[in-house]
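Heads up: the structure comes next, in C-alpha cells.
Just so you know, all these numbers are worked out from the coordinates, no wet-lab data involved. Values in this document were obtained by computation on a predicted structure and should not be read as measured data. Reconstructed Cβ throughout: ideal geometry from the backbone, glycine too, with neighbour counts over all protein chains shown.
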C-alpha cells in the first residue's frame, strides 16, 4: 500500500478491532495524549528545569566570526547538522501517522534526530505499523524506535524489541521509564519489579543501541549508574520542567478521584539541569540526551555545557506540526539552532565540542 493512501484504511481498520481490546485501548490513549498536549496547558506549574539557575559568562570580545560558528555534531554514530532531537511523542493512529511524517520530513531537512512514539500499538495490532514508518521521507535521520520498559514485565522480550526496530527501520531503541505515569493511570502497567535484569538482556541482545529515557521526571544518580551497568548506550534524562505527564493523565482521568491523584504530582520530579549532572557523575562516558523544559537555544547550550550531547523537545515540535505542518517544524528548529549559534558566539564557543568545555556559572 502506498504510504500516501494509508490514512483511510487505518480509520477503517479501527472499526473492526472488537477482538483486540488491548489494541483499542492503546490506540485511544495515544489519541487522547495528542489531543491533550495540543489543547491543554500541561506544563509544570512551579518546578522548573533548573536551567535558569545557570548563566554563561558573556564574552564582549569572543574573537570569533559568527558566520563560522558550527552546530554540527555526531551522536550514536550518526551525523547531525544541529544537536536537536524531536523527542518521542506519537504513533498508532491515523492522525499520528500524519504528524510523524511531518516531523520526519522536517528532521531530514534540518538534520535533526527523531524519536517515535511507543511502538506498542503496532506490536498489538500490526495494521497500525504504517503509522511509525517514516524512513522513506527521512533516509538520513537518526531515527529511534520506542517501547515502554515496563512491558518487559508484561510479556515483551527481545523478539518484540527487535520487531519494534524493524517496523520503524530504526537506528536504535528507546526504552522509556514512566513509573509515575503508569501509577496514576487507572489502566496503567505498574509492576516495575525485577526490571533491571530484563533491560540488561535487551541491551546485550539487540543489535542496535538502547537508550534509557524518562518521560518528564528525570533520572537520579543511582538509577543512571544501574542503567549504565546494564548496558544502555545513552540516557535521555527527560527531567522535570517541561510536560507534566501526570497532568496529561489528570485531563483524561475517568473519575474525580483519579484526577485528584494525578493532579497532586504536577510538580514532581528531578529538574533537568540536575538530572544531567547526576547522570554525568554516575557514568562519565555515557552519552546524554537532555530533555524536559527546553525552551530555546540558550537552554540547549546550557544542557551541552552541563554534560549532554544533544537536546530534545516534544511539545513545541508537536504544536508546530499540528498548526503549521512541515514548514512550522522547520521554522521552530531553525529558530532553536539560530539561538544556539548566538549563545555559542556570546560565550566564545566556535563549535559543539568547545561549547561542552565552556563553564557555566550558578546564580546562587
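Kindly state, to the nearest 0.05, the FRET efficiency for residue 67 paired with residue 41, given R0 = 35 Å and r defined as their beta-carbon distance.
Numbers: r = 39 Å, r/R0 = 1.11.
The computed FRET efficiency comes out at 0.35.
Order of 168, 303 from fewest to most other C-beta atoms within 10 Å? Numbers along the way, then the final one.
Details: 168 25, 303 31.
Placing the least packed residue first, the sequence is 168, 303.
Whole angstrom only: what separates the Cα centroid of region 159-177 from the Cα centroid of region 283-318?
Comparing the Cα centres of region 159-177 and region 283-318, I get a distance of 22 Å.
Out of all Cα-Cα pairs in region 41-189, roughly what percent, to the nearest whole number, are more than 22 Å apart? Intermediate results must be reported in sequence, preceding the final value.
On the way: 5748 of 11026 pairs.
For region 41-189, the fraction of Cα-Cα distances above 22 Å is 52 percent.
To make sure I understand, if each residue's beta carbon is the centre and we count other beta carbons within 10 Å, what order do 203, 161 fall in, fewest to most? Don't jump to the answer; show the numbers that get you there.
Values: 203 20, 161 25.
Listed from fewest to most nearby Cβ atoms, that is 203, 161.
Below 8 Å between Cα atoms, with a sequence gap of 6+, how large is the relative contact order for region 140-290 in percent?
Values: 282 pairs, mean separation 34.0, N = 151.
Worked out over region 140-290, it gives 23 percent.
Over the chain, what is the mean sequence separation of C-alpha contacts under 8 Å (at least six apart), divided by residue count, expressed as relative contact order in percent? Write out the running numbers ahead of the final one.
Details: 755 pairs, mean separation 80.1, N = 364.
Reported relative contact order: 22 percent.
Using alpha carbon coordinates only, what is the Rg to Rh ratio of the chain, with Rh defined as the Kirkwood radius? Spell out each step's value before the answer.
Numbers: Rg = 19.6 Å, Rh = 20.5 Å.
With Rh from the inverse mean 1/r over Cα pairs, Rg/Rh is 0.96.
Can you tell me how region 262-364 classifies by the Cα gyration tensor, rounded, prolate or oblate, using a/c under 1.5 as the rounded cut? Walk me through the numbers before you get to the answer.
Working: a/c = 1.98, a/b = 1.12, b/c = 1.76.
Since a/c reaches 1.5 but b/c is at least a/b, the shape of region 262-364 is classed as oblate.
Find how much the distance from residue 350 to residue 81 grows on full extension, using 0.36 nm per residue of separation minus their present alpha carbon separation; answer in nm with one decimal.
Working: separation 269, 0.36 × 269 = 96.84 nm, distance 1.45 nm.
Stretched fully, the residue 350-residue 81 segment lengthens by 95.4 nm.
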